Structure formats: C-alpha cells, structure tokens
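The values are calculated or read from the model by the stated rules, or taken from the named source; none is laboratory data. Just so we're clear, the structure is a prediction, and the values are computed from it rather than from any experiment. Cβ placement follows ideal geometry from the backbone for every residue including glycine, while neighbour counts extend to all protein chains displayed. Ligands, DNA and RNA are stripped out before the accessible areas are found, and what is left, the full protein with its side chains, is counted by its heavy atoms. Shrake-Rupley method; radii C 1.70, N 1.55, O 1.52, S 1.80 Å.
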Amino acid sequence: MQAGTTPRYTAGTSAGILAGLASGALWGLSFVAPRMASGFAAMDVTAGRFITYGLVALGMMAWGLHTRRLPTLRQFLAALLLSLLGFTGYYLLLVLAIRDMGVAMPALIIGTIPVWVMLLGKPRGLRWAALLPGLVLTVAGLLLMADVPSAGQVSAGQGLHFWRGLALACGALVSWTAFALFNAAWLKRHPEVRATEWANWLGVATGLGGLVLWLLAGTPAAELAAMPGIVFFLLLCLAIGFGSSWLATILWNIASQRLSASLCGQLIVSETLFALVYSFAWDGHLPAPAQWAASVLFTLGILASIKAHR
C-alpha cells in the first residue's frame, strides 16, 4: 500500500479472512472429538480422522475426474511432504511429547504457532510496529491460558523424559509452522491449482499416513470392531474427517492463497477460541475468569492483526 492511499479490504481479502476463521471453527472440533469418543484411544481417533480424510479426498477426485486433473509426480511428492509436516508427522510428535511430559507444556508450546507464523510470514512491506499489538495480545492470552508445571515438579526420574518431551513438542511446533509457511508459498507459486484440488491431493497423502499410523500404533481391526460405541466412533471419524480435515483444508487453502502468511498465522488463534467454546459446551459450564479474559485477548489480537494488514 502506497503512502497517501486509504486502507481498504478487497473482496478477495474479506473472503480469505472468512475462510481462515471458518477453518479455525472446523479445526476446533478435532479438540473435543477425542473427549466425545472417550472409550477409544486417541491414536485410533486420529488415524480414523486421517484415513477418512483420505477416503473423502479419493471419492471427490473420482467423482470429478472428468473435470479435475490428477497431480503430477512432483506435485504429489510435495503433497506427501506437506501432509507429513502438517498432519501425521506433526500429530505423532505431539502425542509422543504429551506421553513424556503431560498436556500442559506441549499445549503452551503448540499455542505459540500463530506467533511464529506471524513473525516468519510477515510481508516485506509491513512494519514490525504494525504487528506488535496483535502479537502482544496473543501472547498475553496464551500466558493466561497456560498451566505450566514448575521445574520442581519434575522428579529426577522424570527429568530425561521431560526434556525429551520438550524436544518433541518443539519439533511439533517447527513441523506445523513449516507446513503453514510452505503450504502458503506453494499455493502462491501455483495459482493454477485450485484450493479443492490441493486439499484432495493432501488428503490422499494424509490418508496414507493415517493408515501407517494405525497399522503401527492403532487398535487391531477385530478388537476395534468389537468395542461398544463403534458406530458412534465411525460417525465421529466421518464428521471430523470430512469437516475438520477435508473442508477445513479447502478453507485454509483459500485463506493461504488470498492472505499473507502472517495474517493467516493470526487467524490460527480462532482454532483455540472455537476449541474452548466447544469444550465448555460439551462440559456444560462457563469459562473461568482467566479463560474469559484470554478469549477476549485472542479476539482482540485477531482484530488488531486484520487491521495491521489492511
């Protein structure tokens, strides 16, 4: 934007912002889904989600094969790499981190992803001072939401596992941050690839990764089929595989094509906001004062970032 011009949003920018917020709303469902299927292992829920995403993507590709093109080998390899960064590889690192050090610290580390994406994806012409309000508000919200154990709570026998978990959580952070930046860059370099096409290609690659995860660490099929609530489990996997993966990825691709990586990074905070809303609705109680305050700070941070990118 040149000096002297009036800041305004284009239709494409507004559509990108709405798409980014909608993807956050759908991603938020994946946080409450494991609690809804409490009788099933988290790995089974995750593998089911990814495999369903792959099957939905395959179905969509087959349905529109006469109008949609198949990826080249190079494009599919790119989708395979990005699916590893943003889906299966990211989640595996996160699960291992939670196993070693509990939920609180990995959640705080992963919660900083919007900050890193904002910092690393800043457009060249945007001043750092313009990003500062959104960054400060987001970090303040994260600190309010944090429930970090003190160093004294980690016993000598747990120390090695704690530091290994810390390394794994940081690896998950790097993995998804890289996905957000590389995915946005790839889409901008290939405007001929539609958001739906790219979501389908990512889905097939992610489905393959989900199948590998299930074969390596999931519950055997016969044992899974005999568990009570299997019909609800399958319906839940279908819901989050279609909504929180396939549809959310399409919306995120639209946002990535139309917005800068730094603004997309700030919009990721909406995932946390919606996850909180769904969690409170499922539990049937209102947030604590600190959680209300954090939600307000997250919302203000999003608004401040949108204003900075005008």
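Using 0.36 nm per residue, how much length does the chain from residue 80 to residue 293 gain when fully extended, once their Cα-Cα distance is taken away?
72.7 nm
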Counting only protein heavy atoms and rolling a 1.4 Å probe, one gets per residue an accessible area for the chain in Å² of 49
Centre separation in Å (Cα based) which lies between the range 14-64 and the range 81-149: 20
Please label the shape of the range 169-236 as rounded, prolate or oblate, based on the square roots a ≥ b ≥ c of the eigenvalues of the alpha-carbon gyration tensor (a/c under 1.5 means rounded; beyond that, a/b larger than b/c means prolate, else oblate). prolate
What is the percent carbon and sulfur in the accessible area of the range 209-271, measuring with a 1.4 Å probe over the protein chains and ignoring ligands? 78
Measuring from its Cα centre, the chain shows a charge dipole (+1 at each Lys and Arg Cβ, -1 at each Asp and Glu Cβ) which, in debye to the nearest 20, is 1120
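Quick one: work out Rg over Rh on the C-alpha atoms of the chain, Rh as Kirkwood radius.
Over the Cα atoms of the chain, Rg/Rh equals 0.97.
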